[in-house]
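Asks: One structure coming up, written as structure tokens, with questions to follow.
The values are calculated or read from the model by the stated rules, or taken from the named source; none is laboratory data. What you see is a predicted model, and the numbers here were worked out from it, not measured in a lab. Positions of Cβ are backbone-derived with ideal geometry, glycine not excepted, and every protein chain shown enters the neighbour counts. We work out accessible area using only protein heavy atoms, side chains counted, and drop any ligands, DNA or RNA first. Shrake-Rupley method; radii C 1.70, N 1.55, O 1.52, S 1.80 Å.
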Amino acid sequence: MVNRGQPVDKKGVVIWDNARNLLVALTGKSRFLVATLVGMTVLNIASPGGAGTAFAQEKFIVVASTTSTQDSGLFGHILPLFKAKTGIEVRVVAQGTGQAMALAKKGDADVVFVHDKAAELKFVEEGFGVYRRDVMVNDFVIVGPNSDPAKSSGNDVIAALKKIAAGKSPFVSRGDKSGTHAAELRYWKAADIDPQAGKGTWYRETGSGMGPTLNTASAMNAYAFTDRGTWLSFKNRGELSLLVEGDTKLFNQYGVMLVNPAKHAHVKKHMGMQFIDWITSPEGQAAIAAYKIEGQQLYFPNFVAQRR
Amino acid sequence: MQEISQSLSLAVALITSLDSTLLSIAGLSLRVSGIAVLAAALLALPFGAWLALARFPGRQGVIAVLNGMMGLPPVVVGLLVYLMLSRAGPLGPLGILFTPAAMMIAQALLIFPIIAALARQVIEDAWGEYREQLVSLNASRAQCMRALLWDMRFTLTTAVLAGFGRAIAEVGAVMIVGGNIDGVTRLMTTAIALETSKGDLPLALALGVVLITMVITINLAAQWVKSTAVKNHG
């Protein structure tokens, strides 16, 4: 067992001599290694998108946003327009609304673009965000099995939830404190139902994003509460179809705000405000309205409408 | 089953068409994991060799901890690195959260224990065999470490490749510290996670096939280099 695949080293002494001779080569090698490492680091810092861009004076802002805006493809549509106009690159970190705001609280984003108005106003009130503006609305829908065992289809969200709960039909919830999850819980409350009572039987919490939750619903052939944008761009529908839509209660407000520069001095106030101004300008609002999937408009800009 | 065959043909199409987005994502994956593995190996190999030869009270405990850390949950490493690099954290002023550098740090931390623990085992076994010769030559501890590391270099590449495999396949940590930003910190694994959440399972699986192909190619290349080197040095 002396030989470990190296043909020559039959004896330890040979190894040692060998090793000593090769030490010269090794030091030469390690110099080469160090040079490679330094070279790669320099290359990394110099290359676009590399670590160095953090230090370079490159024009970009970090926007903490939600999975729905990313997964639906809205950002892919509007951000290139904004960049063409201002030269500012927008780096989107897409998480649930709760997570996005937690991130912004720590100062890890410049702009927050989410959809939980009550939580957003609280965020502003606590001094974490400033200049909040309404941007657009989309709507929530309920999807479920084609066969619709609970007979929930229609345009009344409260009645639909009551039927689903009464029939104990499988229902998959985000369960992740996202804006969509918060909205779902509000409708259960309005329907006077405590879904937690059905936990473990018909009510399931995935604790994950909209897409993974829809994947679960598709696999279980269960009902789920989702936003229209994610549903329209969702490909793994299986036996699911859209059952409840059009209830005015289902409208969902998106808001944008700047992370308070008074709390976090490094926030890129000027560029962040340029983004907020653009997305609420006629041009930005038109870009939002122009985004369609399968011919359907996903988001309805409403900043102008509510301007004082 | 239909989805699997669909994604296989999609994977072939993606690879042969050399899609520019795919190339840049794959390139970033290689760059991040390559630098992470290089940095981790430069520290972990000497540390593993030191631990193999050193004798001190509590050594068994250190080895057990090191071996246990091979199973570090990536999400936990991601969270720790996030808290360090966050603007509110101690390294916040560097401003490297959501950059490739942050992902390199997370991956390097994740694979350091793997390379160090495997290196420790390899060097300790070799030490058992060559100890007498090395001691009779009056070699110092440092000389012994270097001689053993050099002599075991071909076996140690397996440890380094194991670290690389873990780094490039990992998604939990880079998702948190990188943020999966399009064109900046999107890697093969986070792109797969994204396509899965969009319900585009064939594309997600196809990206997975591309990633596995990349990793196998690198391992084949490493094997070729190794066998050539063995032949030449042999």
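Asks: Given the criteria within 13 Å of another protein chain (Cβ to nearest Cβ), at pLDDT below 95 and in a loop (DSSP other than H, G, I, E, B), does B:Arg146 qualify?
Replies: When the stated conditions are applied, B:Arg146 does not pass them.
Asks: Find all pairs meeting these conditions: Cβ atoms under 6 angstrom apart; at least six residues apart or on different chains; first residue within region A:87-100 and in the same structural domain as A:Lys269 (by TED's automatic domain parsing); second residue assigned to a strand (DSSP E or B) and open to solvent by 10 Å² or more (accessible area, probe 1.4 Å).
Replies: That search, which allows pairs on different chains as well, returns A:Glu89/A:Phe60; A:Arg91/A:Phe60; A:Arg91/A:Val62.
Asks: State yes or no: is B:Leu83 open to solvent by 60 Å² or more (accessible area, probe 1.4 Å), without any contact (Cβ under 8 Å) to a residue 12 or more places away in the chain, part of a helix (DSSP H, G or I) and more than 23 Å from B:Leu161 (Cα to Cα)?
Replies: yes
Asks: Got a sec? Which of A:Leu232, A:Leu185, A:Leu250 is among the aliphatic types (A, V, I, L, M) and out of contact with any strand residue (DSSP E or B) (no Cβ under 6 Å at 6 or more places or on another chain)?
Replies: Matching residue, one of A:Leu232, A:Leu185, A:Leu250: A:Leu185.
Asks: Continuing with the same structure: Can you find a residue that is open to solvent by less than 10 Å² (accessible area, probe 1.4 Å) and facing another protein chain (nearest Cβ under 8 Å) anywhere in region A:112-126?
Replies: No - not one qualifying residue is present in region A:112-126.
Asks: Is it the case, given these coordinates, that A:Asp148 is at positive phi, among the acidic types (Asp, Glu) and in contact (Cβ under 8 Å) with a residue 12 or more places away in the chain?
Replies: Spelling it out, A:Asp148 is indeed at positive phi, among the acidic types (Asp, Glu) and in contact (Cβ under 8 Å) with a residue 12 or more places away in the chain.
Asks: Here's a follow-up. Might you check whether a residue that is in contact (Cβ under 8 Å) with a residue 60 or more places away in the chain, in a loop (DSSP other than H, G, I, E, B) and open to solvent by 30 Å² or more (accessible area, probe 1.4 Å) occurs anywhere in region A:277-286?
Replies: no
Asks: Sticking with this one: Going by what's in this entry, would B:Arg31 be described as out of contact with any Leu (no Cβ under 7 Å at 6 or more places or on another chain), of a type in the set (Lys, Arg) and crowded, with 20+ Cβ neighbours inside 10 Å?
Replies: yes
Asks: If a residue has to be in a helix (DSSP H, G or I) and either facing another protein chain (nearest Cβ under 8 Å) or crowded, with 21+ Cβ neighbours inside 10 Å (or both) to count, how many in region B:151-160 make the cut?
Replies: The total comes to 6.
Asks: Are any residues in region B:196-209 at pLDDT 90 or above and either of a type outside the set (A, V, I, L, M) or open to solvent by less than 10 Å² (accessible area, probe 1.4 Å) (or both), and if so, which ones?
Replies: B:Ala204, B:Ala206, B:Gly208
Asks: Would you check if there is a residue in region A:136-156 being assigned to a strand (DSSP E or B) and within 14 Å of chain B (Cβ to nearest Cβ)?
Replies: Within region A:136-156, one or more residues are assigned to a strand (DSSP E or B) and within 14 Å of chain B (Cβ to nearest Cβ).
Asks: When you go through (1) out of contact with any strand residue (DSSP E or B) (no Cβ under 7 Å at 6 or more places or on another chain); (2) more than 11 Å from chain B (Cβ to nearest Cβ); (3) surrounded by fewer than 21 Cβ atoms within 10 Å (Cβ to Cβ); (4) modelled with pLDDT under 95 one by one for A:Ala84, which number turns out not to apply?
Replies: (4)
Asks: Can you tell me which residue is farthest from the other protein chains (Cβ to nearest Cβ) among those in region B:68-80 that are of a type in the set (Gly, Ala, Ser) and open to solvent by 20 Å² or more (accessible area, probe 1.4 Å)?
Replies: The qualifying residue farthest from the other protein chains (Cβ to nearest Cβ) is B:Gly68.
Asks: Say we look at region A:58-81 and pick out the residues that are exposed (fewer than 15 other Cβ atoms within 10 Å of the Cβ) and in a helix (DSSP H, G or I); which of these is farthest from the chain's Cα centre (by Cα)?
Replies: Applying the filter and picking the extreme gives A:Pro80.
Asks: Would you point out which residue out of A:Asp227, A:Asp194 is within 19 Å of A:Thr66 (Cα to Cα) and either surrounded by fewer than 19 Cβ atoms within 10 Å (Cβ to Cβ) or within 14 Å of chain B (Cβ to nearest Cβ) (or both)?
Replies: The unique qualifying residue is A:Asp227.
Asks: Quick test of your reading of the structure: B:Val177 fulfils all but one of (1) farther than 28 Å from B:Gly95 by Cβ; (2) buried (at least 24 other Cβ atoms within 10 Å of the Cβ). Name the failing condition by number.
Replies: Just one mismatch for B:Val177, condition (1).
Asks: Also, quick follow-up: Could you check, for region B:134-150, whether at least one of its residues is in contact (Cβ under 8 Å) with a residue 40 or more places away in the chain, open to solvent by less than 30 Å² (accessible area, probe 1.4 Å) and under 23 Å from B:Ala41 (Cβ atoms)?
Replies: Yes, that holds for at least one residue.
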